[in-house]
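*Asks:* My questions all concern the structure below.
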Amino acid sequence: MKCEGKEIVSRLDRAYKIKSEDFLAIEIWEKTRDPFKVFIATILTQNTTDKGAKKAYEELDKEVGITAEGLSRADPEVIKRCIRKVGLHNNKTKVIKEVSTKILNEYGGDINKVLDLGLPKAREKLVELPGVGKKTADVLLITCRDYPVFPIDTHIFRISKRLGIDGNYDKVSSFWREVSDNLRLRAHLLLITHGRATCKAIKPKCDTCVLNDCCEYYARLRGSQGPETS
């Protein structure tokens, strides 16, 4: 690490403005305060853009209604048709059906009953749900309850590795959780924004990046190019 974690978060905070409409889970939470709707939105955003997921969410809400009862009883083909334009729509249809049915049967359709169990137990119960991993669970936990977790997506994994923060989900999550203090959710969104706008998987904009002096990837890139000539 060439820079302190807090310095990295601070630089990103100065560089970017966060818009809730760029993050489907955040937008849905601000509009509805309904954790189940946030949950479905988060599932839809997996392996696709928030923009594409938003269209699928709106279509699903219009055709079926985003409640545990409505989705558990819906024809899978109807769900699939509504979300067909998002990545992995067949698998997501299966997950949405199974998750909705389990939440309806075990919690009366109210996912607040899970979230109110407290962090360790709530996280444990969420990742027990079909097709739900740590990242999806953590998005729900931090967005709807501000629990001290830090979701790690592909953007944040990529940025972390380039900065020299390597390891599995838990290790990377722990690093960012500790350095972002009470700005965890904002730091999470800032890192994703940075990954979308600058630290891209292909053709990252290294020369204009506010973190390039912190970045091991950039240092290696500059080294491989040899000394500059006038």
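*Asks:* Residues of the stretch 1-25 being without any contact (Cβ under 8 Å) to a residue 40 or more places away in the chain and open to solvent by less than 60 Å² (accessible area, probe 1.4 Å), which ones? It would help to see each step written out before you state the result.
*Replies:* As a first pass, look at the stretch 1-25 and keep what is without any contact (Cβ under 8 Å) to a residue 40 or more places away in the chain: 10, 17, 19-21, 24.
Passing the criteria: 10, 20, 24.
*Asks:* Now for a different question. For the stretch 90-100, what are the residues that are farther than 13 Å from residue 40 by Cβ and in contact (Cβ under 8 Å) with a residue 24 or more places away in the chain?
*Replies:* Looking only at the stretch 90-100, we keep the residues that are farther than 13 Å from residue 40 by Cβ, and these are 90-91, 94.
Within the stretch 90-100, 91, 94 qualify.
*Asks:* So, of the residues in the stretch 145-160 that are touching an Asp or Glu at 6+ places or on another chain (Cβ under 9 Å) and assigned to a helix (DSSP H, G or I), which turns out to be most open to solvent (accessible area, probe 1.4 Å)? Quick ask: steps written out before the conclusion?
*Replies:* At the first step, the residues of the stretch 145-160 found to be touching an Asp or Glu at 6+ places or on another chain (Cβ under 9 Å) are 145, 147, 149-152, 160.
The next check asks that each one be assigned to a helix (DSSP H, G or I); those that pass are 145, 160.
Values: 145: 73, 160: 0 Å².
Applying the filter and picking the extreme gives 145.
*Asks:* With the structure loaded, tell me whether residue 213 is open to solvent by 80 Å² or more (accessible area, probe 1.4 Å), within 20 Å of residue 1 (Cα to Cα), not aliphatic (A, V, I, L, M) and not in a helix (DSSP H, G or I) or whether it fails that test.
*Replies:* Values: open to solvent by 80 Å² or more (accessible area, probe 1.4 Å): yes; within 20 Å of residue 1 (Cα to Cα): yes; not aliphatic (A, V, I, L, M): yes; not in a helix (DSSP H, G or I): yes.
Against the criterion (open to solvent by 80 Å² or more (accessible area, probe 1.4 Å), within 20 Å of residue 1 (Cα to Cα), not aliphatic (A, V, I, L, M) and not in a helix (DSSP H, G or I)), residue 213 qualifies.
*Asks:* Could you say whether any residue in the stretch 171-194 is surrounded by fewer than 19 Cβ atoms within 10 Å (Cβ to Cβ) and not in a helix (DSSP H, G or I)?
*Replies:* Within the stretch 171-194 (the criterion being surrounded by fewer than 19 Cβ atoms within 10 Å (Cβ to Cβ) and not in a helix (DSSP H, G or I)), the answer is no, since none of the residues qualifies.
*Asks:* Related question: Filter the helices (runs of 4 or more DSSP H) completely within the stretch 26-121 down to those with at least 3 residues that are of a type outside the set (Ser, Thr, Tyr), open to solvent by 40 Å² or more (accessible area, probe 1.4 Å) and farther than 16 Å from residue 135 by Cα.
*Replies:* Values: elements: 35-45, 50-63, 68-73, 76-82, 89-107, 112-115.
Qualifying helices (runs of 4 or more DSSP H): 50-63, 76-82, 89-107.
The values are calculated or read from the model by the stated rules, or taken from the named source; none is laboratory data. What you are looking at is a predicted structure, and each value in this text was computed from that prediction instead of being measured. Glycine also receives a Cβ, built like all others from the backbone with ideal geometry; neighbour counts cover every protein chain displayed. These area figures cover heavy atoms from the full protein model, side chains too; ligands, DNA and RNA do not enter into them. Shrake-Rupley method; radii C 1.70, N 1.55, O 1.52, S 1.80 Å.
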